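Take a look at the structure set out below.
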Amino acid sequence: MQALTILRPNEATLTDKPNPQPGEGEVAIDIAFVGYCGSDLTSYRGLNPLVSYPRVPGHEISGTIAALGAGVEAMTIGTPVTVLPYFNCGTCRACRSGRPNACPNNQTMGVQREGAMTSRIVVPAEKVIPVAGISQRDLALVEPCAVGFHAVRRAELTSGETVVVLGCGMIGLGVILGALRQGAKVIAVDLSDAKLDVAKKLGAHEVINASGDVKARVAELTGEGPDVVVEAVGAEATFLQAVDLVATAGRVVYIGYAKAPIAYDTKYFITKELDIRGSRNALRSDFDDVIDELRKRPEAGDLIVTRTATLAEAPEALATWHERPGDFTKILVRF
Ligand SMILES: [Zn+2]
Ligand SMILES: [Zn+2]
């Protein structure tokens, strides 16, 4: 079988791999779609410190069960599935306290271990989530949406509250879907009118182009400021803007991954008595919430997916994303 392999920075190609067979407790999955994650692009660019080369990327996965290893029961060949792509240690403080998404020993498929950008994968049965009533395309969107849903969980956002979402890329759109599901009022901010248009169509109540006076517009819309700000860009300006925009006694959730240290005027933390939280990866319960939401909203995927490439086109699609990152929200590879 063939796999998309990042051989070294800026070089991705198709390579031949042996067809994997499931061992005891494992499940083989014939891949239907795999999405390119921003972390895959970072790996392609040689900027991901967690990656060694060569590496098969991909952890946004859909497919069907192809074979069962010994001892795997209660699963049926042919069932559509998505996959929990995180391999946590199970013994550290985070794992013991129900937060395996934050495990410091975590290995994510396509990052610290081989990913799913290949015709068939084998994973432990407990990583497999059988799903009915949702398309294979949408199953590949579950993981990136779940990362956004997890940020909403971390924000403890409730019905009637207002959230400002900084950044309307894939993760920001997941935050918007999750916030709407909670019954919150959503104000979406981005530099791209095209991305704001997608946010609006997904249901964001207000959109603000970040090239204007965001603070003044947010004040117009909210009076005392939003209850919650979620940062989904990873840039210095938006990290700082989050604590500036949020209401007194509000919550800030950081999900964007800044690549360099950022200097804060820390007085806001105290004078506003802020709750400032990080959000990393997602929990199984976030996956379940996304599946429920996408089942109700089959049109959401039409808005999120920018391009669907074949495996033969996959190296070129990654190179094109690298050259024009602003043009794509989500690229899927279809097998
Ligand atoms: Zn990802
Ligand atoms: Zn752990």
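The values are calculated or read from the model by the stated rules, or taken from the named source; none is laboratory data. Note that the coordinates shown come from a computational prediction; the quantities given were computed from them, not determined experimentally. Using ideal geometry, Cβ is built from the backbone for each residue, glycine included, and neighbour counts are taken over all protein chains shown. With ligands, DNA and RNA removed, areas are computed over all heavy atoms of the protein, side chains included. Shrake-Rupley method; radii C 1.70, N 1.55, O 1.52, S 1.80 Å.
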query: Just one of S159, S192 is away from ligand 1 (no atom under 16 Å from the Cβ), farther than 21 Å from L240 by Cα and among the small types (G, A, S); which is it?
result: S159
message: Restricting to region 73-89, give me the number of residues that are assigned to a loop (DSSP other than H, G, I, E, B) and crowded, with 20+ Cβ neighbours inside 10 Å.
response: 3
Residue pairs meeting the criteria (Cβ under 6 Å; at least 6 apart or on separate chains; first in contact (Cβ under 8 Å) with a residue 12 or more places away in the chain, in region 92-121; second near ligand 2 (Cβ under 10 Å from one of its atoms) and small (G, A, S)): A102/A94; C103/A94
message: Take the conditions within 26 Å of A146 (Cβ to Cβ) and aromatic (F, W, Y) and apply them to Y53. Does it pass?
response: no
message: It is to be established whether one or more residues within region 199-222 are farther than 23 Å from P144 by Cβ, open to solvent by 30 Å² or more (accessible area, probe 1.4 Å), of a type in the set (S, T, N, Q) and not in a loop (DSSP other than H, G, I, E, B).
response: yes
- request: Could you identify the single residue in N101, N88 that is within 15 Å of ligand 1 (Cβ to nearest atom) and either more than 22 Å from Q21 (Cα to Cα) or aromatic (F, W, Y) (or both)?
  value: N101
Residue in region 55-72 that is surrounded by the most Cβ atoms within 10 Å (Cβ to Cβ), counting only those that are more than 16 Å from ligand 1 (Cβ to nearest atom) and in a loop (DSSP other than H, G, I, E, B): V72
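To keep it simple, each residue is scored yes or no on (1) out of contact with any Cys (no Cβ under 8 Å at 6 or more places or on another chain); (2) polar (S, T, N, Q); (3) over 15 Å from P144 (Cβ atoms).
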site: T248; (1), (2), (3): yes, yes, yes
site: D289; (1), (2), (3): yes, no, no
site: L294; (1), (2), (3): no, no, no
site: P298; (1), (2), (3): yes, no, yes
site: A309; (1), (2), (3): yes, no, yes
site: P325; (1), (2), (3): yes, no, yes
site: F335; (1), (2), (3): yes, no, yes
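How many of the residues in region 34-54 are crowded, with 24+ Cβ neighbours inside 10 Å and more than 16 Å from L84 (Cβ to Cβ)?
Of region 34-54, the ones crowded, with 24+ Cβ neighbours inside 10 Å are 34-37, 40, 43-44.
From what is left, the residues that are more than 16 Å from L84 (Cβ to Cβ) are 36, 40, 43-44.
Within region 34-54, residues that are crowded, with 24+ Cβ neighbours inside 10 Å and more than 16 Å from L84 (Cβ to Cβ) number 4.
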message: Looking at region 135-156, can you tell me whether even one residue there is closer than 22 Å to E299 by Cβ, more than 16 Å from ligand 1 (Cβ to nearest atom) and among the charged types (D, E, K, R)?
response: yes
task: Answer yes if at least one residue in region 189-196 is hydrophobic (A, V, I, L, M, F, W, C) and open to solvent by 40 Å² or more (accessible area, probe 1.4 Å), and no otherwise.
output: yes
- request: Can you confirm whether region 157-166 contains a residue that is of a type in the set (S, T, N, Q) and farther than 20 Å from V290 by Cβ?
  value: yes
field: region 3-31, residues that are open to solvent by 20 Å² or more (accessible area, probe 1.4 Å) and under 19 Å from V123 (Cβ atoms)
entry: K17, P18, N19, P20, Q21, P22, G23, E24, G25, E26, D30
- prompt: Any idea how many residues of region 240-274 are among the aromatic types (F, W, Y) and closer than 21 Å to L50 by Cβ?
  reply: 2
message: Within region 237-246, take every residue that is out of contact with any helix residue (DSSP H, G or I) (no Cβ under 6 Å at 6 or more places or on another chain) and crowded, with 18+ Cβ neighbours inside 10 Å and give me the one that is farthest from K215 (Cα to Cα).
response: F239
